[in-house]
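In what follows, a single structure is set out as structure tokens and then discussed.
The values are calculated or read from the model by the stated rules, or taken from the named source; none is laboratory data. What you are looking at is a predicted structure, and each value in this text was computed from that prediction instead of being measured. Methodologically, a virtual Cβ is constructed for each residue, glycine included, from the backbone with ideal geometry; neighbour enumeration extends over all protein chains shown.
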Amino acid sequence: MMDATKFYIDGKWVTPDGSQRLEVINPSDEKGFSTITLGTQADTDNAVSAAKKALPAWAASTKEQRIELLERLFETYKARAEEMAQTISQEMGAPIDLARSAQVGAGAAHLKNTIRALKSFSFEHPLGDHAPDNIILHEPVGVCALITPWNWPMNQVMLKVAPALAAGCTIVLKPSEISPLSAMLLTEMIDSSGFPEGVFNLVNGDGAGVGSQLSKHPDIDLVSFTGSTRAGKAITLAAADTMKRVGLELGGKGANIIFADADEKAVTRGVRHCFANSGQSCNAPTRMLVEKSVYKQAVETAAMIASKTDVGHAGTEGRHIGPVVSEQQFVKVQALIKQGIEEGATLVAGGEGRPEGFETGYFVKPTVFSDVAPGMTIWSEEIFGPVLVITPFETEEEAIELANDTLYGLTNYIQTSDKDRARRLARQVRSGMVEVNGKSGSAGFPFGGMKQSGNGSREGGVWGLEEFLEVKSVTDW
């Protein structure tokens, strides 16, 4: 890979204005293996200026030109997939098999789906048969700041970069400073694919620095952010003075409602989904709500699955979970596990400390709490680690009330063989997405939430493309 201390601005790898360095830590062994630079206001200004200068020509490019470049990027991405997997595994701790399949695969899928959506999208069309001389134009928003998280690096970067480029926007990307190297590798691919100078720019930095600078920059037209709700609020406030558009994909505390008539694998599926990526997914089903008649069995099954969940080094092949991403995250998860015990939840698997055999690395025991009551900290707070909480319910109405008892509204899950009941609940749970009986969304499925999980933004497919477009109406066309 390139010198990781450099930034990509106006089609070139450049030496930053800033000199403050930050080590990139491998969470499996707590050792630094690369170094990046944290950008300054001058670095941010240079990147935004390059994007602004490139905007008119890129916005005027044809759909066919953008498709050609994105397809070239897709081929490059596939050719360097193993390099990308190794990078993600090292920087954020995804087990290498997961990195190869889900982490890298998500980036490829989103790029492919964006190209599909772009090919069928009509950037201009009549208002309707009643007004054929009224035309609707879909035009790029402009210069976009894309601020992405560490937990699913290519998933989140590609969900923003691909549709922004497809829409004709120019970009300044600030990846997470914890997992920046995968974004820098993607930047190499974009550079080699032939995108015009200034269309795509990358500046590393933290949220308080480059993130804040981009959020309030007068020449940024849109900020698209994925991360914590706390940071999302700060970005919204920073962006308010310039009235720029803000797209937010934030936290979650998903409920997984399991009825007595659910299929026999529902509990096992729910536990494994919660623990996937070491529990570091905003849409994880972290609150398992179980009908009382099968509650005891569900708790026993969940405890058994947790005890059989292997934990291992991210570089080791096999089906296991890796570490959480950082020391800060490890300390946070440990504190919440301790708080769950102190507040009276029943610990049925896992608990405090590292798993047996691990003295270093940010490894967390796969943990399950039962008898978790609303009001407990682990009921309401997003833990972002391999920790599942289980609560019983008696009636359908109670299940809905419990599911909606959260500030978040990203994804809820329903497990039942009664289709009518599944549809009733899907309409009544307050979340942007609902997955029923383990069926995940298909290609182009709009990803996003409501309440404090986001502000109405949707990513993926045609919805992701529209996120980066303005609607202009013209008469007498």
task: Could you please give the count of residues in the stretch 10-21 that are closer than 16 Å to Glu197 by Cβ and either in contact with a Gly (Cβ under 8 Å, 6 or more places away or on another chain) or part of a loop (DSSP other than H, G, I, E, B) (or both)?
output: 2
query: Looking at the stretch 351-383, which of its residues are closer than 17 Å to Gln328 by Cβ and in contact (Cβ under 8 Å) with a residue 40 or more places away in the chain?
result: Thr360, Gly361, Tyr362, Phe363, Val364, Glu381, Glu382, Ile383
task: Could you identify the single residue in Ala335, Ala298 that is touching a residue at least 24 places away in the same chain (Cβ under 8 Å) and not in a strand (DSSP E or B)?
output: Ala298
message: Where the second residue is modelled with pLDDT of 95 or more and in a strand (DSSP E or B) and the first is assigned by TED's automatic domain parsing to the domain that holds Gly128 and closer than 30 Å to Asn155 by Cα and lies in the stretch 460-477, which pairs have Cβ atoms under 6 Å and are six or more apart or on separate chains?
response: Gly460/Phe447; Glu467/Gly247; Leu469/His138; Glu470/Glu139
task: For the stretch 83-193, please list each of the helices (runs of 4 or more DSSP H) lying entirely inside it that holds at least 3 residues being under 19 Å from Ser281 (Cα atoms) and of a type outside the set (A, V, I, L, M, F, W, C).
output: 104-120, 153-167
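Residues checked against (1) among the basic types (Lys, Arg); (2) part of a loop (DSSP other than H, G, I, E, B); (3) surrounded by 24 or more Cβ atoms within 10 Å (Cβ to Cβ):
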residue	(1), (2), (3)
Gly385	no, yes, yes
Ile400	no, no, no
Leu425	no, no, no
Ser431	no, yes, yes
Glu435	no, no, no
Gly456	no, yes, no
- request: Kindly list the number of the only condition in (1) buried (at least 17 other Cβ atoms within 10 Å of the Cβ); (2) in the same structural domain as Phe363 (by TED's automatic domain parsing) that fails for Thr268.
  value: (1)
- prompt: So Leu407 clears everything in (1) within 24 Å of Arg272 (Cβ to Cβ); (2) in the same structural domain as Ala302 (by TED's automatic domain parsing); (3) in contact (Cβ under 8 Å) with a residue 60 or more places away in the chain; (4) touching a Ser or Thr at 6+ places or on another chain (Cβ under 9 Å) except one condition, right? Which one?
  reply: (1)
